[in-house]
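Asks: Before I ask anything, let me first share the structure, which is written out below as structure tokens.
The values are calculated or read from the model by the stated rules, or taken from the named source; none is laboratory data. Since the structure is predicted, the reported quantities are computational estimates derived from the model, not experimental observations. Here the Cβ is made from the backbone with ideal geometry for all residues, glycine too, and neighbour counts use every protein chain on show. All accessible areas refer to the heavy atoms of the entire protein, side chains included, with ligands and DNA or RNA removed. Shrake-Rupley method; radii C 1.70, N 1.55, O 1.52, S 1.80 Å.
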Amino acid sequence: QVQLVESGGGLVQAGGSLRLSCAASGSIFSIYVMGWYRQSPGKQRELVAAITSGGSSNYADSEKVRITISRDKAKKTVYLKMNSLKAEDRAVYYCNADVTVGGGGHQRRYWGQGTQVTVSS
């Protein structure tokens, strides 16, 4: 089994910064893409950013300036640094990973449980 555990969420003032972390563990052969999604109340889950094992990153158009995704392959951890936080950033942030489990075989997507980010004005 594979587990993804997010951390770093919480309450932050508008204009502040936050760094989220997501660590993968379990029977992992390889991880291709790791990413972050968010879901605000009453809205669908949406992509924030994703990064491949080769370091190529992809961002939602609206977030390219304020957000940076990075990855530590050795630690199987992906990070999301968010700056200039706004009230609209309030959401549950979920990480995911496209994992090939130990021994090789099919790749499948795993999700974390989510971490809440709240921005106060």
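Asks: Roughly to the nearest percent, how much of the accessible area of the range 11-121 is carbon and sulfur, given a 1.4 Å probe?
Replies: The computed percentage sits at 46.
Asks: Using modelled amide H (1.01 Å from N, peptide plane; none on Pro or chain starts), what sits under 5 Å from the amide H of residue 16, excluding residues fewer than 5 places away?
Replies: Amide H to amide H, under 5 Å and 5 or more residues apart or across chains, residue 16 pairs with 85.
Asks: Could you tell me which of 32, 8, 48 has its Cα farthest along the dipole of the range 8-69 towards the positive end, charges placed at Cβ (Lys, Arg +1; Asp, Glu -1), taken about the Cα centre?
Replies: It is 8.
Asks: To continue, here is another question. Accessible area per residue for the chain in Å², computed with a 1.4 Å probe and the full protein assembly in place, what is it?
Replies: Solvent-accessible surface per residue comes out at 54 Å².
Asks: Cα to Cα, under 13 Å, and not fewer than 8 places away if on the same chain: which aspartates and glutamates meet these conditions relative to residue 43?
Replies: In chain and number order, the partners are 88, 89.
Asks: So, one more: Hey, what's the per residue convex hull volume over the C-alpha atoms of the chain, in cubic angstrom?
Replies: Hull volume normalised by residue count: 96 Å³.
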